Amino acid sequence: MNLPKFVITMEGYFRLGMVNQHKHLLKPGDQCIGGGYYVFDFVSNRIILDRESYDFGKPKWHLLDTLKVPSTYRGMRIVYKYDDGFHDDFKAAVKREQSDACISSAEREQFRTEFNVSEELQIDYYDEA
């Protein structure tokens, strides 16, 4: 089943599309450094990224200085939502002291951290072939 997925590559390319597997977004020679799922938030003009690729794991944003984004998405802010209460890439916004089993889903949501890709990385745009 095709789902809205994205990957990032070691060269800094951000690719997204409706695919069955994350690997279908890669081009020959690409080295994937993570991926996940996306949704468009047209009200706030954002691409919201979350979760992780089964094969490639969470995006390793800390390996990039520049993200190369398809020019189709020029002007949209890109954010990645971590759902673990803390993350290893950059500074953790919140660390929770309780285990997942001890908190409700409402409490869990407050510990969700957001990494603002558009602010933390330089964004370059490219035209897709």
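When a/c is below 1.5 the answer is rounded, else prolate if a/b is larger than b/c, else oblate, so apply that to region 1-44 with a ≥ b ≥ c taken from the square roots of the Cα gyration tensor eigenvalues. In terms of gyration-tensor shape, oblate.
Multiplying the residue separation of E119 and D55 by 0.36 nm and subtracting their alpha-carbon distance yields 20.3 nm. Once the C-beta distance of D127 and K27 is scaled by a Förster radius of 22 Å, the resulting FRET efficiency is 0.90 to the nearest 0.05. Judged by the gyration tensor of its Cα atoms, with axes a ≥ b ≥ c, region 23-65 is prolate; a/c meets the 1.5 cut and a/b is the larger of a/b and b/c.
Neighbours of N20, meaning other residues whose beta-carbon lies under 14 angstrom from its beta-carbon, give a summed charge of +1 when Lys and Arg score +1 and Asp and Glu score -1. Proximity of backbone amide H atoms, modeled 1.01 Å from N, is registered between E11 and Q31 at under 5 Å, excluding neighbours fewer than 5 places apart on the same chain. Full extension of the chain between V39 and L63 gives 6.3 nm of extra length, using 0.36 nm per residue less the Cα-Cα distance.
No lab work stands behind these numbers, since they all come straight from the coordinates. The shown structure was predicted, so the numbers you read here are calculated from the model rather than taken from an experiment. Reconstructed Cβ throughout: ideal geometry from the backbone, glycine too, with neighbour counts over all protein chains shown.
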